[in-house]
Each structure stands twice: as C-alpha cells, then as structure tokens.
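Here is the structure we will look at, set down as structure tokens.
The values are calculated or read from the model by the stated rules, or taken from the named source; none is laboratory data. The structure presented is a predicted model; accordingly, all values stated were derived computationally and were not measured. Cβ: placed from backbone, ideal geometry, glycine included. Neighbour counts: every protein chain shown.
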Amino acid sequence: MPEASFRDCQAWKDEALPLSTSSNEACKLYDAILTQYVKWKNDDTVGGIEGCISAIQTADPNFVMGHVISTGLDLVATTSSPRLDERLASAVTRTVELANSQDISPREKLHVKAVELFSHGNYPKACEVWEEILLDHPTDMLALKFAHDTYFYMGAQLPMRDSVARVLPHWKPHMPLFRYLMQVYRGSMVLFRCDTVQLALATTNTNEVESFLF
C-alpha cells in the first residue's frame, strides 16, 4: 500500500473523525476500503476491497470500525442476509460484541447500531442513525455513503438527495473524496430530475416540461 496515499491515526484525528485503534496500518486500510467503496472500483495496487478487508483484520483484529465497514459492505451489497447466511450473522454479532467490550467514541457506537439495525432489515431506522452521525460529523463519508445507498434501495429519492445536500457546506475541495462526494450528489440530482420529468410529462404538455427544465 502506498504509505502516503491513505490517512493514518493522526490524520483521522485531525479531521475530527478519530478511530479507536493504535494501528496506523489499520487506519490506512480503513481509508483504502472506504475510498474503493466510494469510487465503486477495486484498486489492485492495494489488493482490492477483499484484500484490504483481509489485511485490516490482521493489522488489528479488534478494530471496531474495521468490522463496521467490512460487515456493513456485506450487508449493503444485499446479496445475502444474516437470516440465511450464518457467516454474515456471526460478523454482525462479533461487531456488536467488540463495540460493547471497548471504550469507543459515541460516533463509532452509532455506526455499530446502524449496522445492527440494517442487519435486522430496519433500513429506515438505520438511516436515521447514520443521519444522526452526520449531524455532528458531516464529513463522515462512511455514514453518508451507507445512508445514500440505503435510501437508493428504499427508493427514497428526496432523502437521498437531501442527505448529501445537508453536508456539502461542511466539505472543502482539498478534503479526501470531495470529488466523489460531488459525483454522489450529482447522481442523486439526476435521479430526482428524472422522477420530476416523468411526473411533469404525466401532467403537462411537452412545451411546459421543456420550459421547466431549461
């Protein structure tokens, strides 16, 4: 992994998003996983998402946010369910147990709560918890992305758009992943725009729709 590419323990603290681990390697791997998730692209130079997940468990097996992001990604992928997948159910249980046994930050505890709620199929409540995180930590990209993807699955276009819009004023162009935050926002706007166009087409004539859009 390129040493300078990802954030270590101090870098996360400097951004007011401290991670409860003393392992710089675990912090960098967390950042590597998050970056690939946000970009929707495996980076083979760091071993891809699966390679980074394996490496983070070696770097710090008890790193709660390492478990949150790996288990959360499994859940949000929606290719399996804890009710049908014993391995995934065990991963959720392990994440909760680790959180309960450690002195972690309130933000990290909320992340664990959201993952647990999602695992039970309570998507709206999980989103509420991620939004609670974003109230105090608007640059927490993991909370934002998990909420955004879950809103998408629920077909909740307005919350998907507004969730990103609320945090935008707190982001600056120099911040890691700012460019991809803007892409996420544009994507949510496109979905909202398409829905608006369909509604307009159903209720007005073509000339009125064109004047509305342009």
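Summary of values
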{"read-out": "Single match in 85, 44 (criterion: more than 26 Å from residue 179 (Cβ to Cβ), surrounded by fewer than 21 Cβ atoms within 10 Å (Cβ to Cβ) and at pLDDT below 95)", "value": "85"}
{"read-out": "Matching residues, segment 153-168, being of a type outside the set (Gly, Ala, Ser), in contact (Cβ under 8 Å) with a residue 12 or more places away in the chain and farther than 11 Å from residue 127 by Cα", "value": "153, 157, 158, 161, 164, 166, 167, 168"}
{"read-out": "Scan of segment 61-82 for residues that are under 21 Å from residue 17 (Cβ atoms) and either aliphatic (A, V, I, L, M) or surrounded by 19 or more Cβ atoms within 10 Å (Cβ to Cβ) (or both), ordered by number", "value": "63, 64, 65, 66, 67, 68, 69, 70, 71, 72, 73, 76"}
{"read-out": "Odd one out for residue 146 among (1) surrounded by 19 or more Cβ atoms within 10 Å (Cβ to Cβ); (2) out of contact with any Gly (no Cβ under 9 Å at 6 or more places or on another chain); (3) not β-branched (Val, Ile, Thr)", "value": "(2)"}
{"read-out": "Sole exception among (1) surrounded by 15 or more Cβ atoms within 10 Å (Cβ to Cβ); (2) of a type outside the set (Val, Ile, Thr); (3) touching a residue at least 60 places away in the same chain (Cβ under 8 Å); (4) not in a helix (DSSP H, G or I) for residue 16, by number", "value": "(1)"}
{"read-out": "Subset of segment 94-108 (residues that are loosely packed, with under 12 Cβ neighbours inside 10 Å and touching a residue at least 40 places away in the same chain (Cβ under 8 Å))", "value": "103"}
{"read-out": "Residue in segment 150-157 that is among the hydroxyl-bearing types (Ser, Thr, Tyr), in a helix (DSSP H, G or I), modelled with pLDDT of 95 or more and under 26 Å from residue 60 (Cα atoms) present", "value": "no"}
{"read-out": "Sole exception among (1) in a loop (DSSP other than H, G, I, E, B); (2) over 20 Å from residue 179 (Cβ atoms) for residue 26, by number", "value": "(1)"}
{"read-out": "Every residue from segment 56-78 that is of a type outside the set (A, V, I, L, M) and free of Cβ contacts under 8 Å to residues at least 12 places away in the same chain", "value": "58, 61"}
{"read-out": "Unmet criterion (only one of (1) assigned to a helix (DSSP H, G or I); (2) of a type in the set (Lys, Arg); (3) free of Cβ contacts under 8 Å to residues at least 40 places away in the same chain) for residue 41", "value": "(1)"}
